[in-house]
Amino acid sequence: MSDKLLQPEDSPPGLYDENGNARFFADPAMDRFVAVVMNLAQEVWVQEERLLALEEDKGRAPVNRDAVAKEFIDRVFAPVRGA
Amino acid sequence: MTVELQHPMKADATAEEVARGRFVSGMRGLILNDLAADMRDGYEKRAEPAFRKEHGRAPETSREAHQALRGDPAFNIYSAMRVQAQKMVWASVADGVARESDRLAAEAANAPGSLALNPDLEVPRNVHAVDVHLMPGSYVRGGDGLEAGAVYDRGLAIFSMGLMGANLDDIGLSMANYIKLRFPDFAPKRILDTGCTIGHNTLPWKLAYPDAEVIAIDAAPGPLAYGAARARMQDQDVHFEQMLADDLKFDDNSMDVVWSSMFLHELSKKQRAKVLSEAYRVLKPGGLMVHMELPPNGEMSAFDGFYLDWDSYYNNEPYYKGFRDENPPEICAKAGFAEEDFFQFVVPSIGIYGEDAVAKAATGDAQEAVGQETVGRLADGVMWFGFGAWKR
């Protein structure tokens, strides 16, 4: 429902695609690819939490989910650091 | 860090939904802390020197810093990931809100708050014509039902990474406590929150001044309906009413405080000027207008200014930069406030730094600079910027 006319007045040209979505990479496919990678990592994390729950049911000591999620994210996205 | 909301309309989420929310919150932590630091490095090592080489000087404005950063790899990855994480915030809660719509309606019916909607009010374009914050349907999602408020409340719990507290009221708590401590003799009897959304930063004013009548207004009906029930569930006596802040239906000289949080930047320049003049009109002599907002570009470096202005271009906040380019003392003066009655301040987040830090800021023992990196930036160590004026 975003209204293209309600974009900032001083937007430099080329910030958005024809549908008003922000573009960052020279190849627009890269913008979509970043989204795919993040969605995929989220799906993997959901499975990781399910696995943790099963392991805890079988006697594993409970873990701090927030801390483990941070370790997971830091590990998976390490290649984008220091760009 | 994820937080659990503090009222009966909180999500009864599946384990999968909890995991999705935790992931998004963690991603935002990576982006807004680590990738933001990488982007600053990229600016200093590549973007700024390249701009300097081309123009013979460093970028001097937010717009020029933006121009310098476009195409830099650190800017690209930060921005693309931040946009996607923002979309994932709302996607992570949408299914749960849809599944629980009947329960939410029943909970709200059990806690009928004080609410007055105006079906004849024309919701302004800035509220409905753009998906503000990339939230599908914006503030009018679901009409006058509970959907928009529930998505906003649950989404904000993920978005805020714990930095706004479990009740998402850190801004209101920090600001109301600051005002109470800085002006101990001020005892408002009637407080108005303009652009309140779901009232999460309204309730702290009732806590700070329990004897005051507190009224919260917004243009969008759904979040008001949700906010009224939410307030009642938390035993807070606040009246919610659908009304435009630039067309207040209150008498002249009828309010002691007119407050807003993160609201002025969502208005056009023309609307904003009217909002401030309306605040002046309804305030009693001796009354206080106070706004929590993003700090102005004029107080920040080009890079730090653009860091905040990023939202204007990429988070569907079309008026954000225009507001930040304005000068708060000037717009208050144009609304009728005397220049010498203007003040601005920085409040350390009460949830992060504690009540003592707020007290030290209020009593002048610890003044924080407006232009520093942590002011207005939702990341580790956030502090809040505010400005206001007294009406003579």
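Worth pointing out:
- Within the range A:7-58, the set of residues being within 19 Å of B:ALA74 (Cα to Cα), of a type in the set (Phe, Trp, Tyr) and in contact with a helix residue (DSSP H, G or I) (Cβ under 7 Å, 6 or more places away or on another chain) comprises A:PHE24, A:PHE25.
- Qualifying residue in the range B:329-349 (condition: over 12 Å from B:TYR178 (Cα atoms) and hydroxyl-bearing (Ser, Thr, Tyr)): no
- Within the range B:202-222, if we keep just the residues that are among the charged types (D, E, K, R) and either buried (at least 21 other Cβ atoms within 10 Å of the Cβ) or in a strand (DSSP E or B) (or both), the residue that is nearest to the chain's Cα centre (by Cα) turns out to be B:ASP218.
- Here B:ALA37, B:ALA13, B:ALA47 are screened, and the one residue that is at pLDDT below 95 and hydrophobic (A, V, I, L, M, F, W, C) is B:ALA13.
- Inside the range B:2-31, residues that are more than 13 Å from B:MET161 (Cα to Cα) and of a type in the set (Gly, Ala, Ser) make up a count of 4.
- Matching residues, the range B:31-41, being free of Cβ contacts under 8 Å to residues at least 24 places away in the same chain and within 8 Å of chain A (Cβ to nearest Cβ): B:ASP34
- Filtered by the rule that a residue be more than 7 Å from chain A (Cβ to nearest Cβ) and either over 25 Å from the mean Cα position of the chain (by Cα) or under 14 Å from B:TYR313 (Cβ atoms) (or both), the range B:79-92 gives B:ARG82, B:GLN86.
- Residue match in the range B:291-313 (condition: away from every other protein chain (no Cβ under 14 Å), surrounded by 18 or more Cβ atoms within 10 Å (Cβ to Cβ) and farther than 24 Å from B:GLU64 by Cα): yes
- Search result, residues across the range B:64-75 that are crowded, with 20+ Cβ neighbours inside 10 Å and either in contact with a Pro (Cβ under 7 Å, 6 or more places away or on another chain) or in contact (Cβ under 8 Å) with a residue 60 or more places away in the chain (or both): B:ALA65, B:HIS66, B:ALA68, B:LEU69
- Selected residue (criterion: surrounded by the most Cβ atoms within 10 Å (Cβ to Cβ)) from residues of the range B:113-140 that are in contact with a Leu (Cβ under 8 Å, 6 or more places away or on another chain) and at the interface with another protein chain (Cβ under 8 Å from one of its Cβ atoms): B:VAL130
- The residues of the range B:1-40 that are polar (S, T, N, Q), within 21 Å of the chain's Cα centre (by Cα) and closer than 19 Å to A:ALA53 by Cβ, listed by number, are B:THR2, B:SER25.
- Of the helices (runs of 4 or more DSSP H) lying entirely inside the range B:274-392, those containing at least 3 residues that are touching a residue at least 60 places away in the same chain (Cβ under 8 Å) and closer than 25 Å to B:ASP185 by Cα span B:355-362.
- Within the range A:50-82, the set of residues being at the interface with another protein chain (Cβ under 9 Å from one of its Cβ atoms), farther than 14 Å from B:GLY26 by Cα and in a helix (DSSP H, G or I) comprises A:ARG50, A:ALA53, A:VAL80.
- B:ALA245 outside the structural domain of B:TYR139 (by TED's automatic domain parsing) and either assigned to a helix (DSSP H, G or I) or without any contact (Cβ under 8 Å) to a residue 40 or more places away in the chain (or both): no
- Odd one out for B:VAL358, checked against (1) in contact with a helix residue (DSSP H, G or I) (Cβ under 6 Å, 6 or more places away or on another chain); (2) surrounded by fewer than 23 Cβ atoms within 10 Å (Cβ to Cβ); (3) over 21 Å from B:ASN33 (Cα atoms); (4) not acidic (Asp, Glu): (2)
- Qualifying positions in the range B:316-330 - more than 14 Å from every other protein chain (Cβ to nearest Cβ) and touching a strand residue (DSSP E or B) at 6+ places or on another chain (Cβ under 8 Å): B:PRO328, B:PRO329
- Screening B:THR2 against (1) part of a helix (DSSP H, G or I); (2) facing chain A (nearest Cβ under 8 Å); (3) surrounded by 18 or more Cβ atoms within 10 Å (Cβ to Cβ) leaves a single unmet condition, (1).
- Count of residues meeting criterion [outside any helix (DSSP H, G or I) and either over 16 Å from the mean Cα position of the chain (by Cα) or on the phi < 0 side of the Ramachandran plot (or both)] in the range B:248-273: 17
- Taking the criterion of being surrounded by fewer than 18 Cβ atoms within 10 Å (Cβ to Cβ) and farther than 29 Å from B:SER160 by Cβ, the residues of the range B:330-351 that qualify are B:GLU330, B:ALA333, B:LYS334, B:GLY336, B:ALA338, B:GLU339, B:GLU340, B:ASP341.
- The residue list B:GLY21, B:GLY26 contains one member that is within 14 Å of another protein chain (Cβ to nearest Cβ) and farther than 30 Å from B:ALA229 by Cβ, which is B:GLY26.
- Among the candidates B:MET262, B:MET243, residue that is surrounded by fewer than 23 Cβ atoms within 10 Å (Cβ to Cβ), under 24 Å from B:ASP120 (Cα atoms) and of a type in the set (A, V, I, L, M): B:MET243
Each row is one residue, and each column tells you yes or no for (1) within 7 Å of another protein chain (Cβ to nearest Cβ); (2) touching a residue at least 60 places away in the same chain (Cβ under 8 Å).
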| residue | (1), (2) |
| --- | --- |
| B:HIS55 | no, no |
| B:PRO59 | no, yes |
| B:ILE77 | yes, no |
| B:ALA109 | no, no |
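The values are calculated or read from the model by the stated rules, or taken from the named source; none is laboratory data. Just so it is clear, the structure is predicted and the values come from calculations on it, not from any experiment. Counting neighbours? That spans all protein chains shown, and the Cβs are built from the backbone with ideal geometry, glycine included.
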